[in-house]
1. Please give me the summed charge of the neighbours of F222: other residues whose Cβ is under 13 Å from its Cβ, Lys and Arg +1, Asp and Glu -1.
2. At 1.4 Å probe radius, can you tell me the per residue accessible area of the chain in Å²?
3. Nearest 10 degrees is fine. How inclined is helix 351-363 to the longest principal axis of the chain, computing both from alpha carbons?
4. Across the Cα atoms of the chain, what radius of gyration and what greatest pairwise Cα-Cα distance (Dmax) are found, in Å?
5. Taking 0.36 nm per residue of separation and subtracting the Cα-Cα distance, what length does fully extending E198 through A238 add?
6. Let me confirm the definition first: pairs of Lys residues in the chain, 8 or more apart or on different chains, C-alpha distance under 30 Å. How many are there?
7. With an 8 Å Cα cut-off and a minimum separation of 6 or more residues, compute the relative contact order for the chain in percent.
8. At K30 and W76, where each label point lies 7 Å from the Cα along Cα→Cβ, what is the point-to-point distance in nanometres?
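The values are calculated or read from the model by the stated rules, or taken from the named source; none is laboratory data. All of these numbers come straight from a predicted model, not from anything done at the bench. In this analysis, Cβ positions are derived from the backbone assuming ideal geometry, glycine residues included, and neighbour counts consider all displayed protein chains. Heavy atoms of the whole protein, side chains included, go into the accessibility calculation; ligands, DNA and RNA do not. Shrake-Rupley method; radii C 1.70, N 1.55, O 1.52, S 1.80 Å.
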Amino acid sequence: MNQSFALDRRAAAAVPATARVPFHQIADDKAMLRAAAELTRDLATPRPAIYWADLGVSALVGYAALVVAATADATWLTIVASVVSVLALYRALLFIHEISHVKHAALPRFRLGWNALVGVPMLTPSFMYEGVHNLHHAKTRYGTSEDPEYLPLASMKPWTLPVFILVSLLAPLGLLIRFAILGPLSFVIPALRRPVVERFSALAINPDFRRRVPEGEALKQFNRIDLSASAWALTLVALVAGGVIPLRSFAIGFAIMSAVAVLNQVRTLVAHLWDNHEGEAMSVTAQYLDSVNVPPPSTLPALWAPVGLRYHALHHLLPGLPYHSLGEAHRRISAALDGSSPYHKASYAGLPGLVGRLVRSTMGRKG
């Protein structure tokens, strides 16, 4: 077995990154992969009732709290309602991750419902992730320059991390520009359409990534959703400009959406170790070890990594497993594999330690 697997998490954290076996040299642990597949076969079917109930409650609570925050006179009530709205809308928004993986026949009309309830109102329609996120899971793309969701953050300059977080504060403004200005213009100026689709229609952190323009029926669906989001963005601008939505209420809503974006960016920051400095293709086991689980007894991950994302490493082993099955899958696999298995090396205690690890790694860089 590879020597890197013999290190426990604390020992591994104490070893300089340059002393570890490079991720692209880690071979697949076939025993772990086989156990993960065999122990979870009965957990692979999504349960529509759970999806719809979870989404519906999250969206209802989120929007209701947003209205309270935007209209309350008492400062304390605005703050409390804003926090509730951020957490609930964040959870509702993260179903976009499930939509990018689930077979739509298993959840009829869920994508349509999610776009109507969340994707279009929050100007983050499903096409921003569909056709993009699947590339992050491709064995030959993960951690390479062709991965839209990967940067070697652990080996980048110290200023990278604060910029990575701060830029998300402006996400609502960027989305408003995308759908209220660029989207409508691209429909009437054909030369603008391709760059808008390729460069401004994906939730990606790799600045060099360009998404493929959809074709056939997928393109028709893309355009329908794009038009819907643009219509909503223009309506929102008109309502604010016309005074129907007061500037104070709009500002509070903008702040809530910014907080959702920042929270998601922080979660993204600790979803992986970002240690593939070489940019080479990696085995599934290496991808797993470069990813993060934050399982119980930690409780806060249920808020900052909801909808199954606290089991992000496990998700990279079994990307088709529905979010509501990941907890049980983790319990089964953990119990079946002994302490020497690499499976246990991807579990961490919580957010502070993961952020601290990444900060220490970048602080060793100059510039």
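1. So the environment of F222 carries a net charge of +2.
2. 47 Å²
3. 80 degrees
4. Cα-based Rg and Dmax for the chain come out at 21.0, 67 Å.
5. Here the segment from E198 to A238 would lengthen by 11.6 nm.
6. 11
7. 27 percent
8. The answer from the label model is 6.4 nm.
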